[in-house]
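Asks: Pasting a structure here, questions to come.
The values are calculated or read from the model by the stated rules, or taken from the named source; none is laboratory data. Computed from a predicted structure; not experimentally measured. Counting neighbours? That spans all protein chains shown, and the Cβs are built from the backbone with ideal geometry, glycine included. Protein only, heavy atoms only, side chains kept; ligands, DNA and RNA dropped before computing areas. Shrake-Rupley method; radii C 1.70, N 1.55, O 1.52, S 1.80 Å.
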Amino acid sequence: MSSAAPAPEEQPPRPVRFGIMGCASIARKLARAMLLAAPACAVTAVGSRSEAKARLFAADNGLPAEARLHGSYEALLDDPGVDAVYLPLPTSLHVQWATAAAARGKHVLLEKPTALCAADLDAILAACDASGVQFMDSTMWMHHPRTAKMHELLPADVGDVRVVNSLFSFRANEDFLQNDIRVKPDLDALGALGDAGWYCIRAILWAVDYELPKNVIALPEPVKNQAGVLIACGATLYWADGKMATFHCSFLTNLTMDLTVVGTDGTLHVTDFIIPYEEKSGPFSVASKSNFAELSNGWVPQPSKHVVMTDLPQEALMVQEFCRLVQGIRDAGAKPENKWPAITRKTQVVLDAVKTSIDNGFGSVDVVS
């Protein structure tokens, strides 16, 4: 009596073949993430404004010897061996090249801020939708397992969220303040608001389950450079039910990445929410049902301290999730995941409202979805 033939082993999905468009400094971090995310992805091409620059980038970042090196962005998009592009170009170039990538059927992982305004982002998202490709912005902290753990604890330990404060700053040196693309009006006109404020606004929206505020009012006296680009600013966000949130972002003060979420029953604190102090661990604390100790000489109970470990850094987890979605589309006929473009657009809409308030004398600006 013959035994049944063993079932064939299920083959792992083919890696997503990434092309890196542009050799900005942040692209070094994502190149490493892509190598760490193997076998979900493979870096198969690099495109730059010169082939020499692409070759230097590949060598400096340990990319595979077989990676193709293109001396133009167009050549990268014409490469049939590329499934998806990571696009860390200056924000002013995002519409042109992200829409071109989508039109050629390439999935788009786009550096933040994703666009100079919501209308530009809408053009990018429409191009991705028309081609059936996945869109995701590269807000890395969203993919750290700590983020999911904190969100899981919010309903029971924090309760109804009423106040959120977020702050992201770093002390830029003089070379940055004079020469970095983030202070140039023709490259990244949103300045600190787009670069650092993006994270603050995203964190606020995350804390309230992406419910858009009713209106925003920018804080007076933002700091601009001589070219008129914001290098420090902030705003307060208001919701119809009385919730409020405040953020501040700056290129002028010490490295700080604070997020505080205050609810009816507790308070969540995280002091490294964008980039954890250590790559493989993410700390946070929760004070729940807090009260004064007898004689008001302390707190009871003490806040609980948590640490969430991860084997891979958050940027590699982001790449893995993006690749999982692309593999589903490419190999199984799945539809693109709409969650990520929707979150991106809400972040952009709030950022637009803050910029409008700054430009119009710090008056109240309604947030229109």
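Asks: Among the residues of region 64-120 satisfying the criterion of being touching a Lys or Arg at 6+ places or on another chain (Cβ under 9 Å) and of a type in the set (D, E, K, R), which is farthest from residue 17 (Cα to Cα)?
Replies: Filtering region 64-120 for residues that are touching a Lys or Arg at 6+ places or on another chain (Cβ under 9 Å) and of a type in the set (D, E, K, R), the one farthest from residue 17 (Cα to Cα) comes out as 112.
Asks: Restricting to region 260-309, count the residues that are part of a loop (DSSP other than H, G, I, E, B) and either under 19 Å from residue 156 (Cβ atoms) or not hydroxyl-bearing (Ser, Thr, Tyr) (or both).
Replies: Result for region 260-309: 16.
Asks: Which condition number in (1) closer than 21 Å to residue 213 by Cβ; (2) open to solvent by less than 40 Å² (accessible area, probe 1.4 Å); (3) in contact with a Ser or Thr (Cβ under 6 Å, 6 or more places away or on another chain) is the one that residue 258 fails?
Replies: All conditions are met except number (2).
Asks: Is there a residue being free of Cβ contacts under 8 Å to residues at least 40 places away in the same chain and either crowded, with 24+ Cβ neighbours inside 10 Å or not hydrophobic (A, V, I, L, M, F, W, C) (or both) anywhere in region 82-93?
Replies: Checked region 82-93: no residue is free of Cβ contacts under 8 Å to residues at least 40 places away in the same chain and either crowded, with 24+ Cβ neighbours inside 10 Å or not hydrophobic (A, V, I, L, M, F, W, C) (or both).
Asks: Looking at 27, 75, 54 in this structure, which one is outside any loop (DSSP other than H, G, I, E, B), in contact with a strand residue (DSSP E or B) (Cβ under 9 Å, 6 or more places away or on another chain), among the small types (Gly, Ala, Ser) and over 26 Å from residue 313 (Cα atoms)?
Replies: The conditions single out 75.
Asks: In region 187-231, which residue that is in a strand (DSSP E or B) and open to solvent by 10 Å² or more (accessible area, probe 1.4 Å) is nearest to residue 368 (Cα to Cα)?
Replies: By that ranking, first place goes to 215.
Asks: Shifting gears a bit: Just checking, how many residues over region 268-300 are open to solvent by less than 30 Å² (accessible area, probe 1.4 Å), among the aliphatic types (A, V, I, L, M) and closer than 30 Å to residue 196 by Cα?
Replies: Qualifying residue count, region 268-300: 5.
Asks: Taking the condition among the hydroxyl-bearing types (Ser, Thr, Tyr) and either in a loop (DSSP other than H, G, I, E, B) or at positive phi (or both), does residue 253 pass?
Replies: On the way: among the hydroxyl-bearing types (Ser, Thr, Tyr): yes; either in a loop (DSSP other than H, G, I, E, B) or at positive phi (or both): yes.
Yes, satisfied.
Asks: Filter region 232-243 down to residues that are open to solvent by less than 70 Å² (accessible area, probe 1.4 Å) and either charged (D, E, K, R) or in contact with a Phe, Trp or Tyr (Cβ under 6 Å, 6 or more places away or on another chain) (or both) and give me whichever is nearest to residue 369 (Cα to Cα). I'd like the intermediate steps shown before the answer.
Replies: As a first pass, look at region 232-243 and keep what is open to solvent by less than 70 Å² (accessible area, probe 1.4 Å): 232-237, 239, 242-243.
Still in the running and either charged (D, E, K, R) or in contact with a Phe, Trp or Tyr (Cβ under 6 Å, 6 or more places away or on another chain) (or both): 234, 243.
Numbers: 234: 21, 243: 18 Å.
The selected residue is 243.
Asks: Here is a follow-up. Among the residues in region 105-115, are any in a loop (DSSP other than H, G, I, E, B), open to solvent by 10 Å² or more (accessible area, probe 1.4 Å) and among the acidic types (Asp, Glu)?
Replies: yes
Asks: Could you list all residues from region 36-51 that are open to solvent by 30 Å² or more (accessible area, probe 1.4 Å), touching a strand residue (DSSP E or B) at 6+ places or on another chain (Cβ under 7 Å) and either assigned to a helix (DSSP H, G or I) or touching a residue at least 60 places away in the same chain (Cβ under 8 Å) (or both)?
Replies: Across region 36-51, the qualifying residue is only 51.
Asks: So which residues in region 146-168 are within 18 Å of residue 239 (Cβ to Cβ) and either touching a helix residue (DSSP H, G or I) at 6+ places or on another chain (Cβ under 6 Å) or not basic (Lys, Arg) (or both), if there are any at all? Spell out how you get there, then give the answer.
Replies: In the first step, residues of region 146-168 are kept if they are within 18 Å of residue 239 (Cβ to Cβ); the result is 154-155, 158-166.
If the condition is that a residue be within 18 Å of residue 239 (Cβ to Cβ) and either touching a helix residue (DSSP H, G or I) at 6+ places or on another chain (Cβ under 6 Å) or not basic (Lys, Arg) (or both), then 154, 155, 158, 159, 160, 161, 163, 164, 165, 166 are the ones that fit.
Asks: Go through the residues of region 133-156 one by one and say whether even a single one is hydroxyl-bearing (Ser, Thr, Tyr) and in contact with a Cys (Cβ under 9 Å, 6 or more places away or on another chain).
Replies: So far as region 133-156 goes, no, none of its residues is hydroxyl-bearing (Ser, Thr, Tyr) and in contact with a Cys (Cβ under 9 Å, 6 or more places away or on another chain).
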